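Take a look at the structure below.
The values are calculated or read from the model by the stated rules, or taken from the named source; none is laboratory data. These numbers come from a predicted model, not from an experiment. Here Cβ is always computed from backbone atoms with ideal geometry, including for glycine, and neighbour counts include all displayed protein chains. Note: accessible area is taken over every heavy atom of the protein model, side chains too, but ligands, DNA and RNA are not part of it. Shrake-Rupley method; radii C 1.70, N 1.55, O 1.52, S 1.80 Å.
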Amino acid sequence: MRLSIWVILCLAVGLGGCAGKSKSTKTQDGMETGPDIQIAEFEEGLNAEGEEEGDDNEFFDPFDESGDSQNKDYDPFEPVNSAVFEFNYRLDKYVVKPVAKVYNFFIPPDVQQSFSNVFQNIRFVPRLLNNLFQAKFQGAGIELSRFLINSTLGVGGLFDPAGIMFELETPQEDLGQTLGTYGVPPGPFLMIPLLGPFTLRDGIGFIGDSFLDPFNWLVLPFIEIADAPRLVQHDMTVTFSRLGMVAGETVNLRALTLEKFQGVEEGTLDLYGAVRNGYLQQRLKAIQE
């Protein structure tokens, strides 16, 4: 049973290898969120430098393999990574995306966004803790304020009054960024089945963030703690509940990004290289923020 729960964990945070990683607390027009469509990393990498002020007007070219060592791709497993990327991409193209189109036909965009807001709201603890780990106390305060406001005025996180009414926005922080802030090198680039792009450092951070989230050991626990209270007691209920969350969140977030990434897919010759370079650039910028 523990093995099955671990499989569900990988799916729950993963099928999104086809549907997008959360990168911002902004919603709707400014949304950079998702569990993971891999192409998202490419677009974020392109946009990162354009949005950054004080960069001496330099533009980062994700296809340029020259430049300083910080931006140099380290991809010693490229043949394997490329094959895994193709698997993830086809899974998205032939399974997730068609389902998302049907879902998008029946579910209005505002309702989709509300669902996304709920998932975003319940996962605030790792973001809060990583702000504290990086001594970003203002960001931690904003994360806590957003949770309290959106959980109450926002009806359990369905709406985002914290952002709309109070303009409380802050970059999302994760354990991979925290490790990078303290000088841990990124290590090799990795493309993980179902989960999408990572570096070794970000993969370790991804696992660590799962353990930092009390939802994973108090509500639908895959981490068993002796004598700890748990909202859902039955293991099979936990398993099927997580499967439902996986399906719902993945399809919902893929539906929100259908149009956004269509042009990127059609207009990029080396999609794997674009995703890899865009992901590495986006992560570098996130650490430097």
Worksheet item: In the stretch 192-216, which residues are under 22 Å from residue 128 (Cα atoms) and either among the β-branched types (Val, Ile, Thr) or over 20 Å from the mean Cα position of the chain (by Cα) (or both)?
Response: 204, 207
Fill in: Residue list for the stretch 155-189, filter: farther than 22 Å from residue 281 by Cβ and assigned to a loop (DSSP other than H, G, I, E, B)
155, 156, 157, 158, 159, 160, 165, 166, 167, 168
Worksheet item: Can you name every residue in the stretch 96-108 that is out of contact with any helix residue (DSSP H, G or I) (no Cβ under 6 Å at 6 or more places or on another chain), part of a helix (DSSP H, G or I) and either surrounded by 14 or more Cβ atoms within 10 Å (Cβ to Cβ) or of a type in the set (Ser, Thr, Tyr) (or both)?
Response: 97
Worksheet, complete the sentence: Scanning the stretch 77-90 for residues that are open to solvent by 40 Å² or more (accessible area, probe 1.4 Å) and hydrophobic (A, V, I, L, M, F, W, C), the one nearest to the chain's Cα centre (by Cα) turns out to be 87
Worksheet item: What number of residues within the stretch 252-277 satisfy the criterion of being part of a helix (DSSP H, G or I) and either without any contact (Cβ under 8 Å) to a residue 24 or more places away in the chain or not aromatic (Phe, Trp, Tyr) (or both)?
Response: 17
Worksheet item: How many residues does the stretch 210-223 hold that are assigned to a helix (DSSP H, G or I) and in contact (Cβ under 8 Å) with a residue 60 or more places away in the chain?
Response: 4
Discussion item. I'd like the full set of residues that are out of contact with any Asp or Glu (no Cβ under 6 Å at 6 or more places or on another chain), in a strand (DSSP E or B) and open to solvent by less than 30 Å² (accessible area, probe 1.4 Å), limited to the stretch 190-209.
Written reply: 191, 198, 199
Discussion item. Here's a check for you: in the stretch 109-155, which residue that is open to solvent by 70 Å² or more (accessible area, probe 1.4 Å) and within 24 Å of residue 251 (Cβ to Cβ) is nearest to the chain's Cα centre (by Cα)?
Written reply: 123
Worksheet, complete the sentence: Subset of the stretch 210-259, residues of a type outside the set (A, V, I, L, M, F, W, C), open to solvent by 40 Å² or more (accessible area, probe 1.4 Å) and at pLDDT below 90, comes to 224, 227, 229, 230, 233, 234, 235, 259
